[in-house]
Ligand SMILES: NC(=O)c1ccc[n+]([C@@H]2O[C@H](COP(=O)([O-])OP(=O)(O)OC[C@H]3O[C@@H](n4cnc5c(N)ncnc54)[C@H](O)[C@@H]3O)[C@@H](O)[C@H]2O)c1
């Protein structure tokens, strides 16, 4: 499907950005990052109807001066003014946004996690009309880790047991994290297997010896952990552990804003953080 004029920031001009979920943990980090980038201008801060943040100036939400953009729930009024919308909300909110962004010709940078495969496909469908990235983790380090994990699992055979362990703060809604799934997926790809046929989510009881080729995925929840991921490759005689620890949400916000800059004015299509960061394709 084509025929929608994608808003294009003329070369060197300011990129108009809208943020969905503006008063959330990630939404605030994104706002701060947009304000810190002189080539970006916030044109809309969107929240869910009934949110206590509605009407509040977006600058005040992040402890800065007023910027003259009040938080609103009027997506239809905001999107036509935006070159790109950044979304860190919930799968249902992202689904609705994808339809509206495609209609408005507004590029879509999605950081929301927890999609079912069919929900993800529905969001991806917007890429027929506008440029889209859906990234479970927008940090540079994790995207580098994805290619490293794929490389390691290409070299090691299945005498190496692969386990992915993730930890996040107590308020995280989905488990395992989208990043843990992406890391397990990268390991499976490197090994040339389909993750759905080898994944095991947690273990309990008399589970017996570990079958060769399994990829275990485990979740820890507690306190204010921003996001830790470890991929373990263990065989008899040695093990490799590759760990990434995010210490601040700002790393995700920085990556998302780089993604938004990459998307603004680009041809419709589905892009990845690897494209944004110039890393090898996953
Ligand atoms: N991609 C990444 O790198 C990355 C990093 C951190 C978090 N996340 C994901 O981002 C999402 C948000 O995480 P969070 O910790 O900021 O959550 P949060 O609950 O703090 O924030 C979500 C915000 O979205 C708002 N929202 C919900 N539905 C909405 C709608 N229909 N319209 C407008 N706003 C709506 C909520 O009111 C809330 O303010 C989660 O899916 C999380 O897993 C992704």
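Where a number appears in this text, it was derived from the coordinates with a stated rule and is not lab data. Everything numeric here is computed off the predicted structure, so don't read it as measured data. For neighbour counting, all protein chains shown are included, and Cβ atoms are generated from backbone atoms with ideal geometry for every residue, glycine included.
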Between 0 and 90°, nearest 10: helix 25-36 axis offset from the chain longest Cα axis: 60 degrees
Equivalent-ellipsoid semi-axes of segment 14-95, from the Cα gyration tensor, Å, largest first: 17, 15, 12
Residue list for segment 198-237, given a label point 7 angstrom along the Cα-to-Cβ vector of residue 170 and an amide N cut-off under 15 Å: 220-226
Normalised contact order of segment 63-147, rounded percent, pairs of Cα under 8 Å and 6 or more residues apart: 26 percent
Binned Cα-Cα distances of segment 155-223, short to long, each 5 Å bin given as a whole percent: 3, 16, 27, 22, 17, 10, 5, 1
Helix-derived mean residue ellipticity, 222 nm - over the chain, DSSP H n ≥ 4, -39500 (n - 2.57), to 500: -9500 deg cm²/dmol
Global form of segment 66-216, assessed from the alpha-carbon gyration tensor, a/c cut-off 1.5: prolate
Most mobile of 143, 74, 171 in a GNM of the chain (Cα contacts under 10 Å): 171
Three-way shape label, segment 72-126, alpha-carbon gyration tensor, a/c 1.5: prolate
Gaussian network model of the chain, Cα within-10 Å springs - most flexible of 142, 132, 19: 142
Over 16 Å [Cα-Cα, segment 215-264], rounded percent: 61 percent
Debye log10 I(q)/I(0) for the chain, one point scatterer per Cα, at q = 0.06, 0.12, 0.16 Å⁻¹: -0.20, -0.75, -1.21
Degrees separating the helix 250-263 axis from the principal Cα axis of the chain, which is the longest one: 60 degrees
Folded to 0 to 90 degrees: helix 140-155 orientation relative to the chain principal axis, Cα: 30 degrees
Sequence-separation-based contact order of the chain, relative, with Cα cut under 8 Å and 6+ spacing, percent: 21 percent
Whether segment 169-208 is rounded, prolate or oblate, judged on the alpha carbon gyration tensor where a/c under 1.5 counts as rounded: oblate
Relative contact order %, segment 101-244, counting alpha carbon pairs below 8 Å whose residues are six or more apart: 27 percent
Residue list for segment 120-163, given a label point 7 angstrom along the Cα-to-Cβ vector of residue 243 and an amide N cut-off under 16 Å: 142, 163
Protection proxy ranking, peptides 103-115, 233-245, 56-68, 256-268, average beta carbon neighbours within 10 Å, highest first: 103-115, 256-268, 56-68, 233-245
Highest average packing first - 120-129, 222-231, 201-210, Cβ atoms within 10 Å: 120-129, 222-231, 201-210
Alpha-carbon spread of segment 1-142, three principal axes, descending order, Å: 41, 34, 34
With eigenvalues of the C-alpha gyration tensor scaled by 5 and rooted, segment 92-164, Å: 32, 13, 10
